[in-house]
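The values are calculated or read from the model by the stated rules, or taken from the named source; none is laboratory data. Computed from a prediction, not measured in an experiment: that's the story for all the values here. Cβ atoms come from the backbone with ideal geometry, glycine included; neighbour counts cover every protein chain shown.
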Amino acid sequence: MAESATADLLLETYGPEERLVRYARDRIVIDPGAFWPRIISARAALDVERLDEAHEHALVALGREPHAVWPHLLLAYIALARDDGATLLAEAEAAERINPDHLEPVVLKAVALARSGDRQQAQAIIDGMDAAGHLQYHLQHPVGHPMERAVNAVVAAGVIIPVAAPDLGPVVPSTHQHHGHHR
């Protein structure tokens, strides 16, 4: 992947697949602040519970792109893994401010609220999302996506995901329509 713009598109589009993680590691040596290599490296580290490493990559990415949603999401997931409710809420809200249409920060915020004792507000957030099918999909079809951590955590905190047919929603085209990739 000699062209960094093309490589960044691959890193942005796909999860932490082994070849992409290797590429990201090599690219960081050449360009320590490279945003997408840092994001994919943080995802890979989070996947194997190397939370300090994930945190470092996410902070570097945040420094490079302070208005991007991804570093805040990763910092929220790291806080979720560390059971750090204050940071989880702060990072989820930061990500939500950047992209209020993104489902992950909203679910992470609900987790933080439920864990802090405000299960009623967390339930209201989940009920108001109009994404029950998407959340059910992540509950019923685990594939290793970080959103599964958030959905499982919100359920473990006592929030009920409304009954709905599992639907991956905007990530995968339904029938023959393309709805785009949700990021």
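Structure values in brief
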read-out	value
Total residues in region 77-86, condition surrounded by fewer than 17 Cβ atoms within 10 Å (Cβ to Cβ) and of a type outside the set (D, E, K, R)	2
Per-region count, region 134-170, residues assigned to a loop (DSSP other than H, G, I, E, B) and more than 14 Å from the chain's Cα centre (by Cα)	14
Residues of region 142-163 satisfying the condition of being modelled with pLDDT of 90 or more and small (Gly, Ala, Ser)	ALA150, ALA153, ALA156, ALA157, GLY158
